[in-house]
Amino acid sequence: MSSTPRSAAEVFEKIPTQVFESSAQAARHLAQEVGALIAQRAAEGRKLVLGLATGSTPVPFYRELIRLHREQGLSFANVVSFNLDEYYGLSADHPESYARFMADQLFDHLDIPSAQIHIPSGTVSADQVFAHCRDYEERIEAAGGIDLQILGIGRTGHIGFNEPGSSRDSLTRRITLDRVTRQDAAADFRGEENVPRFAITMGVGTILRGRRLVLMAWGDNKAAVVARAVEGPVSDAVSASFLQEHSQASFFIDRGAARDLTRFRLPWLVGPVAWSPRETRRAVCWLAGELRKPVLKLTDEDYNEHGLGDLLSEQGPAYELNIRIFNQLQHTITGWPGGKPNEDDTYRPERAKPYPKRVLVLSPEPQDAVVSLGGTLERLVQQGHQVTLVTLTSGSLRVPDSAASKFAGILAELAQGDAAKPWAAAKSYAHEALDALAKKGEFGEDSAQLRQLKGLVMRGEQRDAALGCGLANACVQFLDLPFYEEGRYRRFKPGPADSAKLTALLRSVEPHQVYATGDAADPSSVAGIAMRLLVEALRECAGDAWVDACSLWWYRGREKALQAHEVDMAVPLSPMQLERKIRALGRYGALNSLELGVAEVNRQLAGDYDALGLAQYEAIEAFARGKL
Ligand code: F6R
């Protein structure tokens, strides 16, 4: 078992967990540890054996290792590496294979000899899988065992690809990927149906034999599973929980991923709390939820008996505290997200003036905005604001081949049999696209032309969906940020050209209101990158006259929805509005299950408001106030 918690606040945590301000900071910390280990092993005349992971999570760490190698001469000549896993069925040169990922993201930039790199093979024949896996175990053993194993965590709680049900003693083997894992990889493979069904992975037992284990997690879509792994029982339902049985295991996480740990979710259970307005609201909403009582019915005893005596003595009695929080919640609700013109706005989330407002809605990927604020968009348009919906990236990587094939096919058919000159270019474009699709096969990379075509398909869907929310085509813009055009999921490299485009956009619109997302997202996700670019662009614009008169509203996309205590503006949707939003979402060809489930998320929040004793609505879209 791990040692006693490092502070009273961590009393519920059964694995030492370090929460960093950012993934970059955590990556620096871990890279220092690796540097020290390399030096220590070198002094002992031995090689360092590293266990490595793939996916988005380790990317900042790998970039930091590369930096240390380039700038400080850290050598990896004496490092031996073993990767956790590989998709079964993918050859090493497949763009989504983990072998290719590791080469692109790390090995090609270091001086590690290729003979010292080990990755399970994705192409070993079925009858050789067992022997291959046994051999992998033996090689780890022969190298002296893994000194430091790097891990990520999947939403199923997997480490490596040890999906729920993997036993404590499991070894390297072929496994079937869980549905959730395949959904999470869907964007990488342009559709869930293209994600391999099997993988070869080190077992839980293999991982636990490592001398030191560090699991990293970023962004609040990992928050729930991190809390289960760190605070829940040890169980094969969450493979990462087995790390509780390892004396040298640590979690390195960011604030988003930490958000469901007791010390952040229910801080009053673990120590004294500075009762900020936000923490107070969190506590009252939690108490009401626990007791299934509306806020206004909570009593002094309820507070005292549930660890909130401290809050009560500071801000009570219950009657007054309840009313204050009830009013705060009440004041978040508005059917006028752009502010209600000619009305007293003292208690409204958005100010009345100016009216109409120039509203800028930023959608990192095309579908994000309609998923999260389709109903609000409709209201803003109906209420006379000048709304511009800007899609930051083309979304082309998500478009399945079938959609590109359909459009190229239509074009080819239109041009067919008509020898008239104007069709010649269209005809050759269509055939070029169809040939490229045929040539690249199921998993090949898209040519520049195919990416362009897929981007155009997405533009069509975006205009269509926006129209479903009442937004005319002229109000829909596309920024096609270069980091997306030049990259792939999990390994985008944003640069100055991206933030410059965003700065120019802000300056051209001079908005009174901006809607954006990504503040709690995985930093390597498109939303996470878009958020950082926006912050940079806003910094660039600091001092511009329009900034002082602009408000910023964060919406949550595919990540965890805002909870009632976090909401600063709640926009109710009627049953008909929700239905129109669902219909607008139907215009997108490829939504993932989280996006498809958004109506339920909107209904759930309305249910929560209702349970707290506020008015009953069909659905609510929610926003948190940002700082400019
Ligand atoms: C990959 C691996 C997996 C990932 C996990 C999280 O080698 O072992 O366990 O670490 O699926 O993936 P990301 O980091 O992409 O969220």
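The values are calculated or read from the model by the stated rules, or taken from the named source; none is laboratory data. Not measured: the values here are computed from a predicted model. Positions of Cβ are generated from backbone atoms using ideal geometry, with glycine treated the same way; all protein chains shown enter the neighbour counts. These accessible areas exclude ligands, DNA and RNA; they are computed on the full protein's heavy atoms, side chains included. Shrake-Rupley method; radii C 1.70, N 1.55, O 1.52, S 1.80 Å.
Specify which of the listed residues (242, 264) is open to solvent by less than 40 Å² (accessible area, probe 1.4 Å), under 19 Å from residue 228 (Cβ atoms) and aromatic (Phe, Trp, Tyr).
Only one candidate qualifies: 242.
Before we move on, is residue 153 of a type in the set (A, V, I, L, M, F, W, C) and either at positive phi or within 11 Å of the ligand (Cβ to nearest atom) (or both)?
Considered against the rule, which asks whether it is of a type in the set (A, V, I, L, M, F, W, C) and either at positive phi or within 11 Å of the ligand (Cβ to nearest atom) (or both), residue 153 comes out as yes.
Could you check the range 265-315 and list, in sequence order, the residues that are at pLDDT below 95 and among the aromatic types (Phe, Trp, Tyr)?
Hit for the range 265-315 is 268, nothing else.
Determine if the range 129-138 includes at least one residue that is within 16 Å of the ligand (Cβ to nearest atom) and either surrounded by fewer than 21 Cβ atoms within 10 Å (Cβ to Cβ) or outside any loop (DSSP other than H, G, I, E, B) (or both).
yes
Is it true that some residue in the range 584-600 is within 21 Å of residue 339 (Cα to Cα) and outside the structural domain of residue 280 (by TED's automatic domain parsing)?
Looking for residues that are within 21 Å of residue 339 (Cα to Cα) and outside the structural domain of residue 280 (by TED's automatic domain parsing), one finds none in the range 584-600, hence no.
With respect to residue 124, is the statement that it is away from the ligand (no atom under 15 Å from the Cβ), open to solvent by 10 Å² or more (accessible area, probe 1.4 Å) and touching a His at 6+ places or on another chain (Cβ under 8 Å) true?
Yes; evaluated as a whole, the condition is true for this residue.
Checking residue 104 against (1) within 16 Å of the ligand (Cβ to nearest atom); (2) among the charged types (D, E, K, R); (3) over 16 Å from residue 493 (Cα atoms), only one condition comes out false. Which one?
Failed condition: (3).
Give the number of residues within the range 385-436 that are open to solvent by 20 Å² or more (accessible area, probe 1.4 Å) and assigned to a loop (DSSP other than H, G, I, E, B).
Qualifying residue count for the region: 7.
Taking the condition of being crowded, with 24+ Cβ neighbours inside 10 Å and closer than 22 Å to residue 329 by Cβ, how many residues in the range 573-582 meet it?
1
Restricting to the range 221-240, name every residue that is over 12 Å from residue 252 (Cα atoms), within 14 Å of the ligand (Cβ to nearest atom) and in contact with a strand residue (DSSP E or B) (Cβ under 9 Å, 6 or more places away or on another chain).
222, 223, 225, 229, 240 - these are the residues of the range 221-240 that are over 12 Å from residue 252 (Cα atoms), within 14 Å of the ligand (Cβ to nearest atom) and in contact with a strand residue (DSSP E or B) (Cβ under 9 Å, 6 or more places away or on another chain).
Could you list all residues from the range 193-205 that are open to solvent by 10 Å² or more (accessible area, probe 1.4 Å) and either polar (S, T, N, Q) or assigned by TED's automatic domain parsing to the domain that holds residue 404 (or both)?
Correct list: 194 only.
Could you name every one of the helices (runs of 4 or more DSSP H) located completely within the range 280-362 that has at least 2 residues being of a type in the set (Val, Ile, Thr)?
318-332
Provide a single number: the residues in the range 145-192 that are modelled with pLDDT of 95 or more and either open to solvent by 40 Å² or more (accessible area, probe 1.4 Å) or among the polar types (S, T, N, Q) (or both).
The qualifying residues number 14.
Does residue 539 qualify as being of a type outside the set (Phe, Trp, Tyr), free of Cβ contacts under 8 Å to residues at least 24 places away in the same chain and either farther than 22 Å from residue 337 by Cα or open to solvent by less than 30 Å² (accessible area, probe 1.4 Å) (or both)?
yes
Please pick out the residue among 230, 204, 234 that is at pLDDT 95 or above and closer than 26 Å to residue 100 by Cα.
Among 230, 204, 234, only 204 is at pLDDT 95 or above and closer than 26 Å to residue 100 by Cα.
Note down all Cβ pairs under 9 Å where the first residue falls in the range 491-511 and is more than 15 Å from residue 392 (Cβ to Cβ), the second is assigned to a loop (DSSP other than H, G, I, E, B), and they're at least six residues apart or on different chains.
491/56; 491/524; 493/486; 493/487; 507/544; 510/544; 510/549; 510/550
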